[in-house]
Amino acid sequence: MSASLEANFDGLVGPTHNYAGLATGNVASQTNRGAIANPRDAALEGLAKMATLADLGLMQGVLPPHERPHLPSLRALGFTGTDARVLERAARQAPELLASCASASAMWVANAATVVPSADSADGRVHVVPANLTHALHRSIEAPTTGRILRAVFADPTHFAHHEPLPATATMGDEGAANHTRLVASSDGLGVHLFVYGRVALDPGSAGPARFPARQTAEASAAAARLAGLPDDRIVFAQQNPEAIDAGVFHNDVICVGGGDVLLVHERAFLEREGVLCALRDRAGSALKIVEVTEAEVPLSEAVGTYLFNSQLVRLPDGSLVLVCPVECRESPAVSALLDEWVADPASPIGRVVVVDTRQSMRNGGGPACLRLRVVLTHAERAAVAPGTLLDDALLSRLRGWVTRHYRDRIALVDLADPQLLVESRTALDELTGMLGLGNLYDFQM
Ligand code: SUG
């Protein structure tokens with residue numbers, strides 16, 4: 001088997017980044033509803049995070065934002081006339097629909113797809129299942145464009161197998177990689193896949209949250225695993241603790257992060273904690289290191305407030321393990337003390353902590369790990385990735401210039417109806433697809 005490496009592909013924050021409070025069960029999104037957003041700062045924060053990861057010696061890619069406001073969706077909802085008329089009518093008659101069609105939520109590419117590396121799949125290809133994101137309108141409209149982008153970036157069918165999103169029904173609610181963790185703790189390099197769901201859709205008697213929705217279904221997790229051809233003995237399915245969902249853990253990646261032979265997890269993440277951890281140890285092998293954080297150390301509410309578990313856990317080329325955490329973690333005395341403890345403890349697998357500022361995204365409930373899609377690639381697969389999407393100093397500087405030229409400093413909800421914002425957004429994206437060498441991706445380019 002050829003050596004593989006894990007690349008991070010980050011979603012670029014789109015020009016319409018705003019705070020419309022669209023995401024139920026996402027505490028930050030709800031709290032910041034109506035706040036003024038700063039798209040330019042948001043996109044530059046995202047680029048700075050990508051640069052930090054690239055500077056650590058990791059392979060870093062870029063995924064483009066989606067076209068927003070999405071006029072085809074507004075037209076499908078019955079708004080007619082010129083683009084300006086559509087925006088004006090939607091703003092007047094149904095501002096929440098306009099907001100849904102204008103969200104920059106595609107930036108959180110941890111929800112773009114479930115990706116299974118070739119080492120683990122049935123046919124030796126990387127498998128990609130775009131997430132249908134059925135739980136909310138603003139996210140459900142992402143899937144077609146997401147599929148197109150991923151097919152353009154990972155185009156070679158000898159290496160990459162692209163599936164259709166699961167049927168867009170509540171039974172098949174799928175939120176992608178945010179609920180999927182691959183662990184590798186054995187010398188054969190094969191992965192064990194943890195799929196986490198919030199509810200069993202077809203069993204009305206099963207446990208579920210009381211306050212907030214469970215977005216991912218067991219049925220969807222099983223289908224994604226099946227599509228990738230994963231063998232049963234390499235899969236662990238786990239149900240989220242409904243109390244965690246009700247505390248604001250709308251995806252498992254708000255309470256758990258894993259990578260390689262390390263799993264960092266809160267003790268209240270899963271409904272059946274012991275069973276899940278035993279199954280993981282059993283399947284992944286005794287080399288698996290589970291770092292469990294207790295409620296006494298970090299209460300659920302603080303885990304959600306700081307997004308400690310939405311850090312990126314990355315293995316550097318020198319073999320050391322780094323936790324890339326949001327700056328909010330350093331603002332919590334309890335979390336900050338824990339980070340220092342880990343770094344100081346020679347028995348802890350975490351060697352270093354790197355802090356990143358993703359505040360604009362965090363205000364919508366998207367931390368560092370939400371902004372990236374992990375793709376494990378062999379050398380041959382890496383050579384087949386669209387080269388223009390791989391971050392180097394030249395692309396970084398072009399992207400910074402592009403953001404600075406095209407993005408607004410501020411966006412309030414009322415601005416979403418501004419036809420000029422649509423024009424600016426399309427102009428920016430048209431230039432971007434050229435810059436990344438991806439060809440035409442968007443409806444307005446077709
Ligand atoms: O789906 N927020 C996103 C945040 C997604 C975070 N991703 C992961 N945890 N992987 C969501 O809740 C808010 C958009 C708004 O309110 O305008 C939003 O969709």
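If eta is 0.890 mPa s and T is 25 °C, what Stokes-Einstein diffusion coefficient results for the range 356-396, Kirkwood Rh from Cα pairs, in µm²/s? Walk me through the numbers on the way to the answer.
On the way: Rh = 12.6 Å.
Taking Rh from Cα pairs, D becomes 195 µm²/s.
Taking only protein heavy atoms into account and a 1.4 Å probe, give the accessible area per residue of the chain in Å².
Numbers: 16020 Å² over 446 residues.
I get 36 Å² per residue for the chain.
Say R0 is 25 Å: what FRET efficiency, to the nearest 0.05, do residue 420 and residue 359 get from their beta-carbon distance? Walk me through the numbers on the way to the answer.
Working: r = 27 Å, r/R0 = 1.07.
Plugging the Cβ-Cβ distance into 1/(1 + (r/R0)^6) gives 0.40.
Quick one: plug the Kirkwood hydrodynamic radius of the range 264-392 (C-alpha pairs) into Stokes-Einstein at 20 °C, 1.002 mPa s, and report D in µm²/s.
Values: Rh = 16.5 Å.
D, rounded to a whole number, is 130 µm²/s.
How far apart, in nanometres, would the label points at residue 320 and residue 55 be if each is projected 7 angstrom from Cα along the Cα-to-Cβ direction?
1.5
Positive end of the dipole of the chain, charges at C-beta (+1 Lys, Arg; -1 Asp, Glu), about the Cα centre: which of 87, 107, 184 has its Cα farthest in that direction?
Comparing the listed Cα positions along the dipole, 87 ranks first.
Suppose each label sits 7 Å from its Cα in the direction of the beta carbon; what would the residue 243-residue 155 distance come out to in nanometres?
5.2
Treat each spin label as a single point 7 Å out from the Cα along the C-beta direction, and report the residue 24 to residue 85 distance in nm.
Taking the two extended label points, one gets 3.4 nm.
For the range 289-446, build the charge dipole from Cβ charges (+1 Lys, Arg; -1 Asp, Glu) around the Cα centre, then report which of 327, 376, 309 sits farthest towards its positive end.
Result: 376.
Give, rounded to the nearest 20 debye, the magnitude of the charge dipole that the range 298-401 has about its Cα centre when Lys and Arg contribute +1 at Cβ and Asp and Glu contribute -1 at Cβ. Can you show the working numbers first?
Values: 10 positive and 11 negative charges, 89 e Å.
I would put it at about 420 debye.
What does the charge dipole of the chain about its Cα centre add up to, to the nearest 20 debye, if the Cβ of each Lys and Arg holds +1 and the Cβ of each Asp and Glu holds -1? Intermediate results must be reported in sequence, preceding the final value.
Working: 37 positive and 50 negative charges, 212 e Å.
Charge dipole of the chain: 1020 debye, to the nearest 20.
Considering the Cα positions of the chain, please state its Rg to one decimal place and its Dmax as a whole number of Å.
Radius of gyration, then largest Cα-Cα span, for the chain: 20.5, 65 Å.
Assuming a ≥ b ≥ c are the square roots of the Cα gyration tensor eigenvalues, decide whether the range 231-337 counts as rounded (a/c under 1.5), prolate (otherwise, with a/b larger than b/c) or oblate.
On the way: a/c = 2.05, a/b = 1.18, b/c = 1.74.
Judged from the Cα gyration tensor, the range 231-337 comes out oblate (a/c at least 1.5, b/c at or above a/b).
Against the longest alpha carbon principal axis of the chain, how many degrees, from 0 to 90 and to the nearest 10, is the axis of helix 393-406 turned?
Around 40 degrees separate the two axes.
For the range 257-304, just say rounded, prolate or oblate: build the C-alpha gyration tensor, square-root its eigenvalues into a ≥ b ≥ c, call rounded for a/c under 1.5, and beyond that prolate if a/b exceeds b/c, oblate if not.
Here the range 257-304 falls in the prolate category.
For q values of 0.11, 0.12, 0.13, 0.21 Å⁻¹, compute log₁₀ I(q)/I(0) with the Debye formula on a Cα-only model of the range 313-446, without solvent.
Taken in order of the listed q values, log10 I(q)/I(0) reads -0.64, -0.74, -0.85, -1.35.
Quick one: if the Förster radius is 25 Å, what FRET efficiency do residue 278 and residue 202 give, using the C-beta to C-beta distance and rounding to 0.05?
On the way: r = 26 Å, r/R0 = 1.03.
After rounding to 0.05, the efficiency reads 0.45.
If you roll a 1.4 Å probe over the chain with all protein chains in place, what percent of the accessible area is carbon or sulfur? Kindly include the intermediate steps, with their values, before the conclusion.
Details: 8450 of 16020 Å².
That share works out to 53 percent.
Using only alpha carbon positions, build the gyration tensor of the range 1-135, then give the equivalent ellipsoid semi-axes as the square roots of 5 times its eigenvalues, largest first, whole angstrom. Don't skip to the end; give the middle numbers.
Numbers: eigenvalues 220, 74, 37 Å².
Three semi-axes, in Å: 33, 19, 14.
Given a Förster distance of 56 Å, report the FRET efficiency between residue 296 and residue 400 from their Cβ-Cβ distance, rounded to the nearest 0.05.
0.85
Excluding residue 426 itself, calculate the net charge of residues whose Cβ lies under 15 Å from the Cβ of residue 426, where each Lys or Arg counts +1 and each Asp or Glu counts -1.
Details: positive: 68, 405, 408; negative: 67, 83, 418, 424, 430, 431, 443.
Net of charged neighbours comes to -4.
Can you tell me the equivalent ellipsoid semi-axes for the range 330-407? Use √(5λ) from the Cα gyration tensor, largest first, whole Å.
Working: eigenvalues 189, 92, 28 Å².
After diagonalising the Cα gyration tensor, the semi-axes are 31, 21, 12 Å.
The values are calculated or read from the model by the stated rules, or taken from the named source; none is laboratory data. All values reported here derive from a predicted model rather than from experimental measurement. Counting neighbours? That spans all protein chains shown, and the Cβs are built from the backbone with ideal geometry, glycine included. Heads up: the accessible areas ignore ligands, DNA and RNA and are worked out on the full protein's heavy atoms, side chains in. Shrake-Rupley method; radii C 1.70, N 1.55, O 1.52, S 1.80 Å.
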